[in-house]
Structures are given as structure tokens and as C-alpha cells.
Amino acid sequence: MNNTRMQKKQYRLSLCLKAVIIAMIGLLIAFFGVITYYTHNDVILSASIFAQNCKSYGPFIYITAILSFIILIFFWQVATEIGRGNSFSLENVKHFRKMGIIGILLSLEYVFRAIYLLSTATATAMRIGYCIALMIAGILFMAVCFILSSLIQNAYEMQQENDLTIYEGRLILIIVNIDVMLAKRKMKVGELAS
């Protein structure tokens with residue numbers, strides 16, 4: 001009974017996360033759609049500084065869009081695992097590590113963008129500051145993803161260690177390495193026996 005309630009709760013959480021992901025995809029499509037419109041509309045280009053920035057950053061903006069969509073795909077997979085009741089799974093560990101690697105790529109992209117600005121003599125303090133801020137944001141995102149990956153892996157290992165011996169009414173054989181368990185708990189055999 002309690003297990004079923006927990007599964008329903010995780011499934012609802014998964015649906016909420018997926019709704020957030022869908023909203024984020026909609027925002028990304030709208031944002032990059034506007035940028036694409038400004039980039040390819042010559043009438044507006046001459047009047048708007050925003051449009052001129054979009055034109056000069058073109059390839060970088062699309063790389064950011066692609067990497068952002070990939071992050072959302074991995075996050076969708078995390079939400080799916082949560083819905084299946086596998087919050088602490090090795091799959092989620094892998095997904096968060098991949099998202100962390102994409103965070104590194106985003107930071108590197110803004111390093112290249114800053115170098116591009118400096119090499120084309122279009123660098124302003126605001127543009128360089130923007131690149132630095134997004135480099136830092138990418139690094140922080142990477143750190144959060146790697147920390148979550150480690151936490152989920154630790155939780156997975158603890159969950160495996162503490163699994164019950166009865167599964168759906170059948171007895172499951174569990175091999176316990178007494179010496180390892182005693183060492184982890186800093187106990188002696190006599191303390192375990194009493």
C-alpha cells in the first residue's frame with residue numbers, strides 16, 4: 001500500500017517535471033525563433049542593436065540552442081526514470097554527467113565567443129561581460145550536474161546495500177560480506193553477535 005502511494009507520488013512528480021521541460025522547450029523555440037527572425041530580416045537589422053548583435057553572434061546562438069535542447073532531452077530522461085520509480089538509478093547518474101559535460105561545452109563556447117569578439121574588434125565591455133557571465137553560468141551548471149550525479153550515485157549504492165530480502169512474496173538470496181559491513185560500521189564480530 002505504502003509502495004503504491006510512493007510510486008504514484010513519483011509519477012506525479014515526473015509529470016510535473018515533464019510539464020516544466022515542455023514549457024522550457026516552448027520558451028527556447030520562441031526565443032530562438034525571434035533571434036532567427038531578426039537575423040534574417042534586413043529591414044529591421046539596420047534599426048536595432050539587438051538585431052545587429054543577433055547577426056554577429058549567429059553561429060554561437062545556434063550552438064547554444066542545440067546544446068540547450070540536448071540538456072532538456074537528458075532532463076526528460078531523468079524525469080522519465082523518476083516516473084518509473086528509479087530516482088536513484090545509474091541511468092540518472094549518467095544523464096547528469098552528460099548534462100555536466102554539456103555545461104562545459106557551453107562555457108567553452110562563450111570563451112570562443114569572447115575570443116571572436118576580441119579578434120574582430122567588436123568587443124565592448126558589455127559584450128565581454130555577457131560572455132564572462134555565461135561562462136560562469138555554464139561552469140556553475142556543470143558543477144551542479146556533477147554534484148547531483150555523485151549524490152544520486154551515493155544514494156543508489158546505499159539503496160542497493162539496504163535492499164530488502166523479500167521481493168513480491170519470494171525470498172531472494174543476498175550475499176553479505178560480513179568483513180566489509182563490519183569495517184564500514186566500525187564494529188567487531190562480538191558486537192554483531194550480541
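See the values below:
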| read-out | value |
| --- | --- |
| Separation of alpha-carbon centers, region 137-157 and region 71-121, rounded to whole Å | 11 Å |
| Partner lysines for Lys9 [C-alpha distance under 29 Å; skip if fewer than 8 residues away on the same chain] | Lys18, Lys94, Lys98 |
| Fully extended contour minus Cα-Cα distance, from Lys9 to Phe69, at 0.36 nm per residue | 18.9 nm |
| Solvent-accessible surface ranking, highest first, for Glu81, Glu91 at 1.4 angstrom | Glu91, Glu81 |
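The values are calculated or read from the model by the stated rules, or taken from the named source; none is laboratory data. What you are looking at is a predicted structure, and each value in this text was computed from that prediction instead of being measured. Only protein heavy atoms, including side chains, enter the accessible area calculation; ligands, DNA and RNA are left aside. Shrake-Rupley method; radii C 1.70, N 1.55, O 1.52, S 1.80 Å.
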